[in-house]
Amino acid sequence: MTIDEIIDFVEGLDGTLVVRPEAGDGSPEISWGDAFFYYAPDGVVPQATQPFATIVTKNYPGDETSRLDRPGAFRVNAAVGRETFADRTGHAPGEPAGGDPGATDVVIAHPVYGSAAWLAVVNPGPRTDAAVRQLLRHACDLARARYERRRRAG
């Protein structure tokens, strides 16, 4: 899977907004080249919520273990909820994950946000293509449900 294939897939999910920071748009330079996925049926970046998934193309401070400084390396990340996280990893969020956070084409607990039930895949490929699509769809569904709850409550 390429970054563009992932972005095209997410853009095809109902109500999603893809934000791709770049030079000159007011976003922090470190975010340039990355992608942030929101459930935003009105097409406006929500002010009170985090993205439901991201693609990062470089190491961030405190998040270097995936070794995204390798040529062509990127990581797709998705907030999948506690149940899906446990189903995929065999442990609850926040428990030690083990494994190599830089391994490619493997679903892993996010090396920084695993405790918040985020999963990640470095350079998704044939082994994880279907899983990545399923995880992104699920993360979007969870974000949609949160949006609907807030809308009804507000």
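If you go through the stretch 1-24 and pick out every residue that is in a loop (DSSP other than H, G, I, E, B) and open to solvent by 80 Å² or more (accessible area, probe 1.4 Å), you end up with 4. Quick check on the stretch 79-91. Is at least one of its residues of a type in the set (A, V, I, L, M) and not in a loop (DSSP other than H, G, I, E, B)? Yes, the stretch 79-91 has at least one match. Checking ARG152, ARG82 one by one, the residue that is open to solvent by 50 Å² or more (accessible area, probe 1.4 Å) and modelled with pLDDT of 95 or more is ARG82 and no other. Per the listing THR104, THR65, THR89, THR57, the residue uniquely hydroxyl-bearing (Ser, Thr, Tyr) and under 23 Å from THR16 (Cα atoms) is THR57.
Quick grid of which residues meet (1) buried (at least 18 other Cβ atoms within 10 Å of the Cβ); (2) free of Cβ contacts under 8 Å to residues at least 40 places away in the same chain:
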residue: HIS91; (1), (2): no, yes
residue: GLY98; (1), (2): no, yes
residue: ALA103; (1), (2): no, yes
residue: PRO111; (1), (2): yes, no
residue: TRP118; (1), (2): yes, no
residue: VAL122; (1), (2): yes, no
residue: ASP129; (1), (2): no, no
residue: VAL132; (1), (2): yes, no
residue: TYR147; (1), (2): yes, no
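The values are calculated or read from the model by the stated rules, or taken from the named source; none is laboratory data. Predicted, not measured: the structure shown is a model, and the values here were computed from it. All Cβ positions, even for glycine, are placed from backbone atoms using ideal geometry, and neighbour counts span all protein chains on display. Areas reflect the complete protein model, heavy atoms only, side chains present, ligands, DNA and RNA absent. Shrake-Rupley method; radii C 1.70, N 1.55, O 1.52, S 1.80 Å.
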